[in-house]
Amino acid sequence: MNTQKKKANRRLKSVGEDCISELPDEIIIHILSFLPSTKLCVKTSVLSKRWHHLWTYVPNIILTEYDFPYDECEHHIMERVVNKALALHSSSKINYFSIQIPDSQDLYESIESWLQLAAGRAVESLTLNINGSSARYLFPEFLYSNSNIQSLTTKLWEFVPDARISWSALKELSIRQATLNDEVIQNILCGTPVLEDLQLHFCHGIKLLDLSLKPKLKNLVINVKESYFGDRDYDFKLKIVGPYVEILKLHWSRDNLRCKLMNMSSLVKATLDIEVIDDEDGEDDYQEWCPDMVKELVENVLPSEQLQLTNFCTLALSTLRMDVMASLSSNLKSLNVDCRGEEYLCGIERILQCSPKLEKLVIFFDYVKI
């Protein structure tokens with residue numbers, strides 16, 4: 001046993017007991033960049049004198065509310081800690097800047113100063129998430145014109161630009177819980193010439209989403225399922241024109257929502273998830289809740305190669321004429337559908353008969369009695 005221990009010790013000494021510290025600073029900084037928060041990066045400064053300042057060169061700044069538990073840290077303490085960390089940050093370039101903090105108007109001025117620092121260091125990916133529901137922040141005016149940001153994600157931020165938006169490098173945009181109108185969304189679309197991915201979660205106020213001049217925009221997600229906006233009397237009406245959209249996902253679950261698709265000729269993959277959650281008798285509600293709208297939506301996505309239909313959308317298959325279904329689904333290769341009862345089987349059977357190229361079929365059975 002002693003001989004084995006001696007051999008093991010010799011091996012350790014030959015390769016070095018601390019292999020990581022033998023790496024160049026650039027490699028260690030790259031490794032630190034994978035940590036999920038700046039606070040964890042800062043903690044590595046206690047490992048040795050050499051590591052004391054390495055965290056300051058990590059090109060990511062990630063601030064989360066989990067780093068500052070509300071019951072242990074008031075907002076002014078969070079401000080002081082974050083301000084000190086940013087003052088010590090030495091990297092001349094910021095790849096990723098993320099703020100995910102509790103809802104508080106008291107932090108707005110500090111957040112603006114943090115964002116100015118990020119913009120001054122050519123930030124490429126920006127996430128601004130406010131976790132709460134009572135307050136919304138105005139998106140800073142100085143960020144409406146930026147040639148470096150490639151990815152932007154916001155939650156509980158309102159867009160009220162005073163001038164034209166210019167995000168010349170932006171490729172990915174995700175907006176969550178915001179009130180938008182046609183003028184603002186058109187301003188965004190005009191100012192994002194290379195936009196490829198657009199996601200709108202729990203947003204309302206848009207009536208027309210015209211993407212006919214966006215040849216690079218290939219991925220579109222509209223999600224108002226279990227909408228954040230609790231006003232049941234609000235009418236959500238949206239018309240989408242997307243001749244270049246290749247991947248489409250629509251999710252919603254309220255009976256006061258209306259959606260119309262137009263010119264979706266490039267669709268390759270589509271997901272329709274529609275369900276009314278007001279009453280317990282979901283299938284009975286279908287006959288009263290815009291069956292023509294659901295039927296039209298299904299017809300617009302049938303030409304895609306990969307299709308996922310859930311809830312009422314699967315039920316709508318049984319209402320389509322066979323000749324229409326045959327002409328639309330000739331390219332369908334993959335199909336995922338829900339089956340919640342016998343009334344769903346008719347539509348599934350019909351689309352199987354009309355899809356000669358179908359290679360994959362997945363059926364989700366949900367508490368059905370057949």
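The values are calculated or read from the model by the stated rules, or taken from the named source; none is laboratory data. Worth saying up front: this structure is predicted, and the values here are computed from it rather than measured. When we count neighbours, we look across all protein chains shown, and the Cβ atoms used for this are built from the backbone with ideal geometry, even at glycine. Ligands, DNA and RNA are excluded from the accessible area calculation, which covers all protein heavy atoms including side chains. Shrake-Rupley method; radii C 1.70, N 1.55, O 1.52, S 1.80 Å.
Using the structure shown, select from Lys155/Lys260; Lys207/Lys333; Lys43/Lys84; Lys237/Lys357; Lys237/Lys295; Lys39/Lys93 the pairs with a Cα to Cα distance greater than 24 angstrom. Please report the intermediate quantities before stating the final value.
Details: Lys155/Lys260 26 Å; Lys207/Lys333 33 Å; Lys43/Lys84 14 Å; Lys237/Lys357 35 Å; Lys237/Lys295 16 Å; Lys39/Lys93 19 Å.
From the list (Lys155/Lys260; Lys207/Lys333; Lys43/Lys84; Lys237/Lys357; Lys237/Lys295; Lys39/Lys93), the Cα-Cα distance tops 24 Å for Lys155/Lys260; Lys207/Lys333; Lys237/Lys357.
Using amide H atoms built in the peptide plane, which far-off residues or other-chain residues are under 5 Å from Ile62 H to H?
Those qualifying (amide H under 5 Å, at least 5 residues apart or on another chain) are Thr38, Ser98.
Report the calculated FRET efficiency for Asp366 and Asp210 (r = Cβ-Cβ distance, R0 = 45 Å), to the nearest 0.05.
On the way: r = 36 Å, r/R0 = 0.80.
Calculated transfer efficiency: 0.80.
Keeping all protein chains in the complex and leaving out DNA, RNA and ligands, what accessible area do you get for Val81 with a 1.4 Å probe, in Å² to the nearest 10?
About 70 Å², rounded to the nearest 10.
In nanometres, what is the gap between the two model label sites at Tyr108 and Lys43, each 7 Å from Cα along Cα-to-Cβ?
Distance between label points: 3.4 nm.
Using the Karplus curve 6.51 cos²θ - 1.76 cosθ + 1.60 with θ = phi - 60°, what ³J(HN,Hα) values do you get for each residue of the stretch 148-156, in whole Hz, with x for Gly and Pro?
Along the stretch 148-156, the couplings run 10, 5, 9, 9, 9, 10, 10, 9, 6 Hz.
Rank by packing, highest mean first: peptides 146-156, 258-268, 317-327, with packing defined as the count of other Cβ atoms within 10 Å averaged across residues. List each step's numbers first, then the result.
Numbers: 146-156: 18.7, 258-268: 17.1, 317-327: 15.4.
The packing order, highest mean first, is 146-156, 258-268, 317-327.
Please give the per residue accessible area of the stretch 287-370, computed with a probe of 1.4 Å over protein heavy atoms only, in Å².
On the way: 4260 Å² over 84 residues.
Each residue of the stretch 287-370 exposes 51 Å² on average to a 1.4 Å probe.
Please give the net charge around Leu307, taking every other residue with its beta carbon less than 10 angstrom from that of Leu307, where Lys and Arg add +1 and Asp and Glu add -1.
Values: positive: Lys269, Lys333; negative: Glu305.
Net charge around Leu307: +1.
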